[in-house]
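The values are calculated or read from the model by the stated rules, or taken from the named source; none is laboratory data. The structure displayed is predicted, hence computed values, not measured ones. So basically every Cβ, Gly included, is an ideal-geometry build from the backbone, and we count neighbours across all protein chains shown. To get the accessible areas, we keep the full protein, side chains included, count just its heavy atoms, and leave off ligands, DNA and RNA. Shrake-Rupley method; radii C 1.70, N 1.55, O 1.52, S 1.80 Å.
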Amino acid sequence: MTRKTAWLVAIGFLACSAALVGIAATFYATWPDNVAGVFLNERRNREANIRALEWRIDRETDPTERTFYRAWLAEETGNLEEAIRGFRSLRDAALPDTELHLRSALRLGLAYGRNRQAEEELATYQRLMARHPGASRLSQATYHLRRGERDQARRLLDDALVRDDRDGSLGPQRGFALFLRAQLGAATENAPSHSP
């Protein structure tokens, strides 16, 4: 090896070492908000949810509640078709004014969304409008936020909050609705003012 070649190899080695140190420092400085940290946290949370749902199913004595948690477990483990079937059957069997009907419909909408069935997800939330107007509007708002449709989400949240002032239809979700609305800021000037 000539002196020039050895010098080039040494320079290349130093450059690669400096780049690796820079990458490691950036990775360390952004942990846990970098891609790897977010992935590991999401995976850890999903595994904890699965364990909690399995525990709940084993101890649940009410067959309807057991079915609900089994459908939720199917959703968490990625079996979205089974989750959709489970939540849909529970929703359809429950009386429309019950908490079970509402919880099943909301989880059904989320399962549709995770299964890339956006139209079914939105339609599921819209069907709740007559009996559960607060939950319906809030769920529709989060649907639109995930799609980047901020003006539509803003209108739905404004409608939900105004209605909640009259009838309390948001219930314990009012704080979440206020938080989301605050994150959206002022309305866009040229946005249409209709509400669903």
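Observations on the structure shown:
- From the list Leu20, Leu40, Leu8, the lone residue that is modelled with pLDDT under 90 and over 36 Å from the mean Cα position of the chain (by Cα) is Leu8.
For (1) closer than 23 Å to Gln140 by Cα; (2) open to solvent by less than 50 Å² (accessible area, probe 1.4 Å); (3) in a helix (DSSP H, G or I); (4) at pLDDT 95 or above, each residue gets a yes or a no:
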{"site": "Pro32", "(1), (2), (3), (4)": "no, no, no, no"}
{"site": "Asn45", "(1), (2), (3), (4)": "no, no, yes, no"}
{"site": "Arg51", "(1), (2), (3), (4)": "no, no, yes, no"}
{"site": "Ile57", "(1), (2), (3), (4)": "no, yes, yes, no"}
{"site": "Arg70", "(1), (2), (3), (4)": "no, no, yes, yes"}
{"site": "Asp92", "(1), (2), (3), (4)": "yes, no, yes, yes"}
{"site": "Asp97", "(1), (2), (3), (4)": "yes, no, no, no"}
{"site": "Gly109", "(1), (2), (3), (4)": "yes, yes, yes, yes"}
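- If you go through the range 120-168 and pick out every residue that is open to solvent by 30 Å² or more (accessible area, probe 1.4 Å), among the aliphatic types (A, V, I, L, M) and closer than 17 Å to Ala186 by Cβ, you end up with 2.
- Test for Ala177: is it modelled with pLDDT of 95 or more, surrounded by 13 or more Cβ atoms within 10 Å (Cβ to Cβ) and within 22 Å of Leu110 (Cβ to Cβ): no
- Odd one out for Met129, checked against (1) part of a helix (DSSP H, G or I); (2) touching a residue at least 40 places away in the same chain (Cβ under 8 Å): (1)
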